[in-house]
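Shown next, in structure tokens, is the structure this report addresses.
The values are calculated or read from the model by the stated rules, or taken from the named source; none is laboratory data. A quick note: this is a predicted structure, and the numbers were derived from the prediction, not measured. Positions of Cβ are generated from backbone atoms using ideal geometry, with glycine treated the same way; all protein chains shown enter the neighbour counts. These area figures cover heavy atoms from the full protein model, side chains too; ligands, DNA and RNA do not enter into them. Shrake-Rupley method; radii C 1.70, N 1.55, O 1.52, S 1.80 Å.
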Amino acid sequence: MALEAAFVSLGRQAEKLKDTTLRDLFAADPARFETFSVRCDDLLLDYSKSRIDAKAFELLIALARAADVEGRRAAMFAGEKINGTEKRAVLHTALRNRSGDPVLVDGEDVMPDVIAVLDAMADFSEAIRSGELTSSTGDAFTDVVNIGIGGSDLGPAMTTLALAPYHDGPELHYVSNVDGAHIADTLEKLDPATTLIIVASKTFTTIETMTNAQTARKWIAGALGEDAVGDHFAAVSTALDKVAAFGIDEARVFGFWDWVGGRYSVWSAIGLPLMIAVGPDAFDDFLEGAHALDTHFRQAPLEENLPVLMALIGIWNRDALGLSSRAILPYDQRLARLPAYLQQLDMESNGKRVKLDGSPVSQETGPLVWGEPGTNGQHAFYQLLHQGTTVIPCEFLVAANGHEDDLKHHHDLLVANCLAQSEALMLGRTLEEAKALLGASGMHDEDAERLAPHKVFPGNRPSITLVYDMLTPYALGRLVALYEHRVFVEGVIWEINSFDQWGVELGKELATALLPMVKGDVPADSKDSSTRGLLAALKS
Ligand code: F6P
């Protein structure tokens, strides 16, 4: 079936289902959870609270087939240049390839280089962690500052927080924003004599990172002398010539390759700070988890394939139901940065308006991705999730077990809250139920009548839930790979290039042109009246 026709059928089915609620669907099928949930070992995806029926499921699978998800998946893993606008292969999966099989780019196996960099990272990390590699003053490093932005920050920052129970190395700090407040507040607490700076930038041209790196360099040189700089810096980049020009010793430079997208790079040397924090063995477990998910993605039939199913539910919500946002709600405090990480992964990948061939897309593409950990979000924006006029599909994540054995009652409360939220979103509360409850509480009829409409929850609000045993390095690797492949499958179905990011360029160009005007070196006459007015206000 052609893709366009598959979308039309999907739209028709959504129309047919428009008056069927989640309550109806659950009432009609007592085994709905069994039908619409799937596992990969201990990782469970429950998508039974999505507004689909068996026919919609069938049509979604047909849609994936019509888009040739299986063919595109094979092309990605085979190193074909599926990033057409940049003429690049997309092989972050090679970074965690544990199969022993070669991975070819332009006929050459990239695995020996991948393994060599991982080994060099492990040697460097161990030397820093053990204190064998010291600072210019002969002290062991107590703190590591990673300077990077976007994919050179969010991946290691998110995973470092997520794996806090596994930290046994120096303390990690992340500086990304060009706002001087970020680096100033970070360095203020640190001792230059025991601080290592990692400059992480795929291109080594990103203005925020280069500016922060120069400030850090001055901080080290100012405190310890120019000769100390070499001992306090390391770099991660694909642009080894530019790193050399910055003056970082070759032995402390960890490379990666143009077939690793920035937002897919946490598995590469960009993960060096994480490896320093948790050690090479735990980092290896993180890669193992991702590889396990890669294997599942490659081998599981579409009907039981977690990333494929998550993508199809995403497409259903976005295109068949017309819902434009997606909330990421981890009931796992250490996944506090996951929503921000997924914002880049998802929105920079699939926030596109033309197809691979440059023609306009036929469907709405990437949704707005946002979120906060539960239970905090419950006391902030969940009011809108439950009773607002906009329906927002929610994605809950929760572990069966926390790391805090002595705080099990906290975890029980966390789990109860997580399950309660998806149940409440699904069931809602009718006017009659609200009135009955108020009546049962002893309220006068008149007051109950007045208050009841405010206590109505429309329900029928879709969600999916991911459950895993515990947030270990392995489980985290699997989770991140799951979302990566989900984004990939959605991109395939929308026929877009999920691996370029031209949309970030215009702002960068204009900022470069504006800088001399902000400094007052060049008049702003060529600018529109708003930009001129704002500049004048800021300069006054
Ligand atoms: O925001 C655009 C972007 O290119 C991202 O894709 C990337 O992750 C980030 O900037 C940082 O780029 P670099 O690692 O080259 O400094």
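Annotations
- Qualifying residue in region 269-281 (condition: without any contact (Cβ under 8 Å) to a residue 24 or more places away in the chain and not β-branched (V, I, T)): yes
- Only listed residue being assigned by the TED database to the domain that holds L118, at pLDDT below 95 and away from the ligand (no atom under 14 Å from the Cβ), chosen from A244, A221: A244
- Scanning region 370-399 for residues that are surrounded by fewer than 22 Cβ atoms within 10 Å (Cβ to Cβ) and touching a His at 6+ places or on another chain (Cβ under 9 Å) yields one hit, Q387.
- Flag for K18 being at positive phi, without any contact (Cβ under 8 Å) to a residue 60 or more places away in the chain and of a type in the set (K, R): no
- Given (1) out of contact with any Ser or Thr (no Cβ under 7 Å at 6 or more places or on another chain); (2) closer than 17 Å to T159 by Cα, number of the condition G261 does not satisfy: (2)
- Just one of the listed residues (R98, R88, R72) is within 28 Å of P330 (Cβ to Cβ) and open to solvent by 60 Å² or more (accessible area, probe 1.4 Å), and it is R98.
- Counting the residues of region 367-382 that are part of a loop (DSSP other than H, G, I, E, B) and in contact with a strand residue (DSSP E or B) (Cβ under 9 Å, 6 or more places away or on another chain) gives 6.
- Residues of region 1-59 that are under 24 Å from L479 (Cα atoms), surrounded by fewer than 20 Cβ atoms within 10 Å (Cβ to Cβ) and of a type in the set (F, W, Y): F33 alone.
- For region 124-138, a residue qualifies if it is open to solvent by 50 Å² or more (accessible area, probe 1.4 Å) and over 11 Å from D231 (Cα atoms), and the qualifying residues are E126, R129, S130, E132.
- Qualifying positions in region 258-295 - within 16 Å of the ligand (Cβ to nearest atom), open to solvent by 10 Å² or more (accessible area, probe 1.4 Å) and farther than 20 Å from H485 by Cβ: D258
- Highlighted here are the helices (runs of 4 or more DSSP H) found entirely within region 181-255 that include at least 2 residues which are open to solvent by 20 Å² or more (accessible area, probe 1.4 Å) and without any contact (Cβ under 8 Å) to a residue 12 or more places away in the chain: 207-224, 240-246.
- Each residue in region 90-130 was checked for being part of a helix (DSSP H, G or I) and aliphatic (A, V, I, L, M), and 13 pass.
- In region 448-472, the residues that are open to solvent by 10 Å² or more (accessible area, probe 1.4 Å) and at pLDDT 95 or above reach residues that are of a type in the set (D, E) and assigned to a loop (DSSP other than H, G, I, E, B) with C-beta atoms within less than 6 angstrom, at least six apart or across chains, in these pairs: D469/D42.
- Qualifying residues in region 400-412 (those that are in contact (Cβ under 8 Å) with a residue 24 or more places away in the chain and either among the hydrophobic types (A, V, I, L, M, F, W, C) or out of contact with any Pro (no Cβ under 9 Å at 6 or more places or on another chain) (or both)) - the one least open to solvent (accessible area, probe 1.4 Å): G402
- Residue list for region 306-337, restricted to those being free of Cβ contacts under 8 Å to residues at least 60 places away in the same chain and closer than 19 Å to V467 by Cα: Q333
- Meets criteria (under 22 Å from M310 (Cβ atoms) and either surrounded by fewer than 17 Cβ atoms within 10 Å (Cβ to Cβ) or modelled with pLDDT of 95 or more (or both)) for P367: yes
- Neighbours by Cβ (under 8 Å, 6+ apart or cross-chain): first from region 473-497, closer than 17 Å to P360 by Cβ; second open to solvent by 10 Å² or more (accessible area, probe 1.4 Å) and not in a loop (DSSP other than H, G, I, E, B): I493/L3; E495/L3; I496/V354
- Residues within region 153-162 that are surrounded by 22 or more Cβ atoms within 10 Å (Cβ to Cβ) and away from the ligand (no atom under 16 Å from the Cβ), tallied: 2
Okay, residues lined up against (1) assigned to a helix (DSSP H, G or I); (2) in contact with a Ser or Thr (Cβ under 9 Å, 6 or more places away or on another chain):
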position	(1), (2)
A6	yes, no
E15	yes, no
E34	yes, yes
V38	no, no
L60	yes, no
R65	yes, no
T85	no, no
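- Some residue of region 367-386 being in contact (Cβ under 8 Å) with a residue 60 or more places away in the chain and in contact with a Ser or Thr (Cβ under 7 Å, 6 or more places away or on another chain): no
- Output for region 131-174, where each listed residue is in contact (Cβ under 8 Å) with a residue 24 or more places away in the chain, part of a loop (DSSP other than H, G, I, E, B) and over 16 Å from M275 (Cβ atoms): T134, S135, S136, T137, D139, A140, T142, I149
- All conditions in (1) away from the ligand (no atom under 16 Å from the Cβ); (2) under 24 Å from the mean Cα position of the chain (by Cα) hold for T203, with the sole exception of (1).
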